[in-house]
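Okay, structure first, notes after.
Computed from the coordinates by the stated procedures, all read-outs in this text should not be read as laboratory data. The model shown is predicted, which means the values in this text are computed figures rather than measured ones. With ideal geometry, Cβ positions are generated from the backbone for all residues, glycine too; neighbour counts draw on all protein chains shown.
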Amino acid sequence: MKIKVEWRPRTEPLAARAVVGFGAVAARLVARLLADVEAWAGLEGLGGAEVIVVLGPSEQLPWVDGVRYYGRDPAAPELYLPTTLAPTVPVELYAQTIVGPRPLLIEPREGRAFPLSGALPLSANRLSAWRPRS
């Protein structure tokens, strides 16, 4: 049996625990972090050709125009979901249908998921290596 999962606005947003930039937004996020790496001590992240993910407490996450924020729903704490969106099925059931490594960041607007187990502390060298080429 297949169940179509759609996403709807949450009645109460999740507390942000991750921030993600795609494409040009990722490049601006990396530039913001590189401008003062020491200010972001304690944050972790990972990156790729067109994306950067930064993990940490809400109050420490950076802001750049166009980034997206993700939080952890208590019903499925191994998933990072958009802070303002929820699946149309119960989140704990949604989590059970996903096969793959955990923790996992789900980006429904892009139709993508990102394993977060490889997140490392932020550093100037890592950020430079993650800088998207856009």
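Couplings 3J(HN,Hα) for the stretch 45-51, derived from phi with the Karplus relation 6.51 cos²θ - 1.76 cosθ + 1.60 (θ = phi - 60°), are x, 7, x, x, 4, 10, 8 Hz, where x marks Gly and Pro.
For the chain, the longest piece that avoids every one of the trypsin sites (Lys or Arg not before Pro) found in DSSP loops with at most 14 other C-beta atoms within 10 Å covers 5-108.
Of the chymotrypsin sites (Phe, Trp or Tyr not before Pro) in the stretch 23-69, the ones in a loop by DSSP (not H, G, I, E or B) with at most 16 other beta carbons within 10 Å are Trp63.
With θ taken as phi - 60° and the Karplus curve 6.51 cos²θ - 1.76 cosθ + 1.60 applied, the whole-hertz 3J(HN,Hα) list for the stretch 116-126 is 10, 5, x, 4, 10, x, 5, 8, 4, 5, 5 Hz, x standing for glycine and proline. Amide H of Leu105 versus every other amide H placed in the peptide plane: which residues, excluding those fewer than 5 positions away on the same chain, fall under 5 Å? Result for Leu105 returns Tyr80, Phe114, Leu116. For Ile52, nonlocal amide neighbours, meaning residues 5 or more places apart or on other chains whose placed amide H falls under 5 Å from its own, are Gly21. In the stretch 75-134, what GluC sites (Glu not before Pro) fall in a loop by DSSP, with at most 15 other Cβ atoms inside 10 Å? Counting only loop positions with at most 15 other Cβ atoms within 10 Å, the GluC sites (Glu not before Pro) in the stretch 75-134 are Glu78, Glu110.
The 3J(HN,Hα) values that the Karplus relation (6.51, -1.76, 1.60; θ = phi - 60°) gives for the stretch 22-30 are, in residue order, 10, x, 4, 5, 4, 4, 5, 5, 4 Hz. Gly and Pro appear as x.
In this structure the amide hydrogen of Ala119, modeled in the peptide plane, comes within under 5 Å of no amide hydrogen from residues 5 or more places off or on another chain.
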